[in-house]
Amino acid sequence: MTMETKKRIADCCKYLTLILVGIVMIYPLVWMIGASFKSNAEIFSSIGFIPKNPTLEGYQKALSGYGGDIDIWKALLNTYKIVIPKVIFTVCSCTIAAYGFARFKFIGHDFFFALLMSTLFLPNVVLNVPQFIMYNKFGWVDSPIYLPLIVSTLFAQDTYFVFMLIQFMRNIPKELDEAAKIDGCNAMGTLWHVLVPVLKPAMTSCALFQFMWSNNDFMGPLLYVSTPKRYPAAIFVKMSMDADSGFSWNRILALSLISIIPSLVIFFLAQDQFIDGVTAGSVKG
C-alpha cells in the first residue's frame with residue numbers, strides 16, 4: 001500500500017468521524033425544528049424529526065402570547081436592549097485593556113496581569129450575592145435600562161476576552177507601533193488606526209461570544225429584572241413553561257426556536273472571521 005493510498009484512507013476516516021460527530025451534535029436542533037411542527041401527542045409518540053401531520057399550532061400559540069404586558073416580540077426586543085450594548089462595550093473595553101497589557105510596561109504590570117488571569121478561575125456564582133447587594137444599594141435593580149447587566153461591561157470584566165486579545169496582539173509586530181509613532185500617532189491613534197484593523201477577526205470573535213452568552217443568559221436577568229414587561233427571551237420562555245397548563249411542548253419548542261434564530265443567523269454570517277479570530281491568537285508568528 002502506497003503512502004498516497006494510506007493518506008486517502010486516513011483522510012476518509014477523519015472526515016467520516018467528523019461527519020458522524022456533527023450529526024450527533026446537530027440532531028437535537030434538527031429534532032427541535034421538526035418537533036415544533038408536531039402536535040403535542042406526536043412529540044411523545046415518535047423520536048423522528050419529520051412530522052407525520054405537520055401543524056402550525058405551536059407557532060400560532062407562541063405568537064399569540066398568553067396575556068399580560070409581554071409577548072415573544074417584546075421579549076426579543078428586551079433581549080437586544082441588553083445584548084447590543086453589552087457587545088459594544090465589551091469589545092471596546094476589552095480591546096483597550098488588552099492594548100495596555102500587551103504593549104506597555106508599567107509599575108505592577110506582572111502583578112496586575114497575574115491578578116487578571118486569576119479571575120478566570122473565579123466562578124461567577126460566587127459574585128452573585130455581593131454584586132446584587134451593591135447594585136441594590138445603587139438602586140439599579142429592575143432598572144428600565146438594565147444597568148446591572150450592562151454597566152459592568154464598560155470595565156473589561158470579561159477576562160477571557162482580554163486574554164484572547166492580548167494573545168492576538170502579541171503576534172502583531174511592534175514595528176507597526178513604532179512606524180505609527182514616527183508618523184505622529186499617539187497611543188490611542190496607534191490603537192485605532194494600526195491595531196484595530198488587524199484585530200478585527202479577534203474582535204469579531206469576542207463580539208460573537210458575548211452575543212451568544214448574553215442572549216442565553218438566564219441568571220443575570222433573573223436576579224436583576226423583576227418587572228414582567230422587561231423580561232428578556234430567556235426568562236419569557238421559562239415563564240411560558242410555568243404558565244402553561246400541562247405544558248404545550250410544541251409551543252415551547254416554537255418559542256425556543258424563534259428566540260435562537262437571531263443567534264444562528266449572526267453566527268453563520270460572521271463564522272469566517274470568528275474562526276480566524278479564535279485560531280490566530282494560538283499561533284505564534
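I need a count of the residues in region 181-198 that are under 14 Å from Gly100 (Cβ atoms) and surrounded by 13 or more Cβ atoms within 10 Å (Cβ to Cβ).
4
Considering only residues of region 55-90 that are among the hydroxyl-bearing types (Ser, Thr, Tyr) and either more than 27 Å from the chain's Cα centre (by Cα) or at pLDDT below 90 (or both), which is nearest to Met203 (Cα to Cα)?
Restricting to residues being among the hydroxyl-bearing types (Ser, Thr, Tyr) and either more than 27 Å from the chain's Cα centre (by Cα) or at pLDDT below 90 (or both), the top hit is Tyr59.
Just a yes or no: is a residue in region 26-43 hydrophobic (A, V, I, L, M, F, W, C), at pLDDT 85 or above, within 24 Å of the chain's Cα centre (by Cα) and exposed (fewer than 12 other Cβ atoms within 10 Å of the Cβ)?
yes
With in a helix (DSSP H, G or I), at pLDDT 90 or above and either under 25 Å from Ile260 (Cβ atoms) or open to solvent by 60 Å² or more (accessible area, probe 1.4 Å) (or both) as the only criterion, which of Ser205, Ser214 stands out?
Ser214
It is to be established whether one or more residues within region 243-258 are open to solvent by less than 50 Å² (accessible area, probe 1.4 Å), at pLDDT below 70 and over 30 Å from Val129 (Cβ atoms).
Taking every residue of region 243-258 in turn, at least one turns out to be open to solvent by less than 50 Å² (accessible area, probe 1.4 Å), at pLDDT below 70 and over 30 Å from Val129 (Cβ atoms).
Among the residues of region 217-229, which ones are in a helix (DSSP H, G or I) and open to solvent by 50 Å² or more (accessible area, probe 1.4 Å)?
Met219, Leu222, Leu223, Pro228, Lys229
Let me confirm something: among Leu120, Leu115, which residue is of a type in the set (A, V, I, L, M) and within 21 Å of Val87 (Cα to Cα)?
Leu120
The values are calculated or read from the model by the stated rules, or taken from the named source; none is laboratory data. What you see is a predicted model; the values in this text were computed from it and never measured. Cβ atoms come from the backbone with ideal geometry, glycine included; neighbour counts cover every protein chain shown. Calculation scope for accessible area: heavy atoms of the full protein, side chains included, ligands and nucleic acids excluded. Shrake-Rupley method; radii C 1.70, N 1.55, O 1.52, S 1.80 Å.
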